[in-house]
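Taken together, the values in this text are just the output of simple stated rules run on the coordinates, not laboratory data. Values in this document were obtained by computation on a predicted structure and should not be read as measured data. Note: ideal-geometry Cβ built from the backbone for every residue, glycine included; neighbour counts use all protein chains shown.
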Amino acid sequence: MTFWRRLRNFTHRASFTQRASWGWTLFAILLALGAPAGRAQNLNWEGQTGALVTPFAYTSPSPAGGFGLPAVSFHYLNGGDVLGGFYVVSGTVGFLKRFEAGYTRALNSDGSAPALSPLFNGGFNIFHGKANLVGENAGKHNYIPAISLGFVARTNVRRVGGVLNSSDKHNEDFYLVATKTITHFKFLPIVASLGFKATNASVLGIAGNAPDWQGRLFGAVGFVVPGPVKSKIVLGSEFCKSPAASKDYQELSCRRR
């Protein structure tokens, strides 16, 4: 069977949710491949300007009167035999010097544990946006950090409880974050960030939904060192607290009883 015939069969037999999910995936891949003017950027796991999983208060560079170049990224995480492999493709653009918005498609390869792996299969959509409220060093005061307000919205999340109930769920984060680049030591700048978020997601949506909305701290600190081709590399550490319980795991436990 040819590729085009397979594609035609898929579009006729797949559900609307499946077609929409693959459509968003194709959009993210085309955004990454079709933006030769773009550049690699310090985008985190969900596509925000930040560390590995936590957002910074900075936004993707852009002029005051328009849009900046798109930033694209790809991340992979080996989740082990049960969870499988996680892949995320992200595209983010800054605009009006103080804002950024983007889309990330989360995908995964199946794990090898027949009893549990199906609870974590399938991808979901991640939309995010950020607004810079206070610019770094505002008023020429070098002690003032950048302060931003942002959100993350995850849709079509079918993990654990969603698999058991054959239903797609959604969860969100709303956060406030402050970030400062300390240049007291010219040869070794330090980036420090601290924030607070309200979330109803468990492990960034990977484990589904939390039982309710909870407040959690997050932060990061790192040292900026020169990299190849005039790039900069940040070596550091971060923390991101997740709700202690998962609503989906509670549903799974109730079913087992």
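Here is how the numbers come out for the structure above:
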item	result
Listed peptides 45-55, 176-186, 204-214 by packing density, highest first (mean Cβ within 10 Å)	45-55, 204-214, 176-186
Under 13 Å, Cβ to Cβ, from residue 219 - net charge with Lys/Arg +1 and Asp/Glu -1	+3
Pairwise FRET efficiency - residue 167 versus residue 223, Cβ, R0 = 35 Å, nearest 0.05	0.20
Computed E for residue 182/residue 69 - FRET, C-beta separation, R0 25 angstrom, nearest 0.05	0.40
Cβ-defined net charge surrounding residue 189, 12 Å radius [Lys, Arg +1; Asp, Glu -1]	+3
Proximal charge balance of residue 123 [Cβ under 10 Å; K/R count +1, D/E count -1]	+2
Cross-link partners of residue 186 among aspartates and glutamates (Cα-Cα below 19 Å; sequence separation of 8 or more within a chain)	136
Three semi-axes of the equivalent ellipsoid, the range 169-246, Cα gyration tensor, whole Å, largest first	32, 13, 9
Note, ³J(HN,Hα) from phi for the range 213-225, Karplus 6.51, -1.76, 1.60, rounded to Hz, x at Gly and Pro	6, 9, x, 9, 8, 8, x, 7, 8, x, 10, 9, 10
Under 20 Å from the Cα of residue 97 - lysines, other chains or at least 8 residues apart	130, 140, 180
Straight-distance crosslink candidates among aspartates and glutamates, where the alpha carbon sits under 20 Å from residue 241 and sequence neighbours closer than 8 are dropped	46, 172, 173, 212
Length-normalised contact order of the range 57-164 in % [C-alpha pairs under 8 Å, at least 6 apart]	23
